């Protein structure tokens, strides 16, 4: 365990294994513990770096909403890498972390060997944008007024997580137990300062056209809000591959860890072999 400094916040970082670095960026409802299956598998060959985003203890929880946002999330990845003396890495992000991964590739293409963008796109549909913003604001209010345990009940049991509950009830229970351990203030400020203010996937069209970093875009076929954004990224980015995982919802790496791990290994092997030539 170590602490990395990034734009006024200390971030909790774990490093496991040796080799080409892989940095994992977690989702809103998760933290670095959600990558345990990937770390155990990939650290046999790679240096795996996981960290908790700002607002997620034991990382710092800034109290100013302006200390949260897409640019902070992107710079936090870069500063974690610098803290670990890593110049270039495979970047893997899920959901909120997937958004950060896309934007990291845009801002720091020279630091990315590849991008794995999983479950990214919630809030992008222009027809449902107002509802997304309304629901997000309500979630932030519930977290602050009720606390994590009660405030997350509706969110944690939403349709985009139903397959996880069906496939792995024990894992689903553990996930929600860890979710409930998060900071209500940090989660609320993340919602309002980051998720509600970030650009949608469609608003990134021009930047994505110029993003030449190899990318693997992953979505579950039961994660409805992410299907069209995934297709859009595949059609827009010059070097993108698309993997749609059948009968799978939002937390792909937790629902189908074996398939996810082997897809990452195959993708990284392809990219690393190409870079060596």
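Read-outs throughout are calculated quantities, based only on the coordinates presented, and are distinct from any laboratory measurement. Predicted model, so just to flag it, every value in this text is computed and none were measured. Reconstructed Cβ throughout: ideal geometry from the backbone, glycine too, with neighbour counts over all protein chains shown.
Largest mean-square fluctuation among 205, 127, 178, in a Gaussian network model of the chain whose springs join Cα atoms under 10 Å apart, belongs to 127.
Pick from 219, 101, 63 the residue whose mean-square fluctuation is largest in a GNM of the chain, springs joining Cα atoms under 10 Å. So, out of 219, 101, 63, the one fluctuating most is 63. Cα centroids of the stretch 48-90 and the stretch 141-206: 18 Å apart. Think of it as helices only: each DSSP H run of n ≥ 4 in the chain is worth -39500 (n - 2.57), and spread over all residues that comes to -13000 deg cm²/dmol at 222 nm. For the pair residue 14/residue 167, report the inter-label distance in nm, with labels modelled 7 Å from Cα in the Cβ direction. Between residue 14 and residue 167, the simple spin-label model gives 2.1 nm.
Which label belongs to the value computed from this structure, given these candidates for Kirkwood radius over Cα pairs in Å: (i) 18.5; (ii) 21.6; (iii) 19.1? It is the one labelled (i). Build a GNM of the chain with springs between Cα atoms under 10 Å apart, and of 161, 247, 198 the one that fluctuates most is 247. Can you tell me what share of the DSSP beta bridges in the chain is antiparallel? A percent to the nearest 5 is fine. Taking every DSSP beta bridge within the chain, about 25 percent pair in antiparallel fashion.
Our summary gives the chain a relative contact order of 20 percent, counting only alpha carbon pairs under 8 angstrom and 6 or more residues apart. Would the stretch 84-205 count as rounded, prolate or oblate if I go by the C-alpha gyration tensor, calling it rounded below 1.5 in a/c and otherwise prolate when a/b exceeds b/c, oblate otherwise? Prolate is the answer for the stretch 84-205, as a/c is 1.5 or above and a/b outweighs b/c. For the stretch 93-187, the relative contact order comes to 22 percent (Cα pairs under 8 Å, sequence separation of at least 6).
Once you reduce the stretch 235-264 and the stretch 97-130 to the center of their Cα atoms, the two points are 14 Å from each other.
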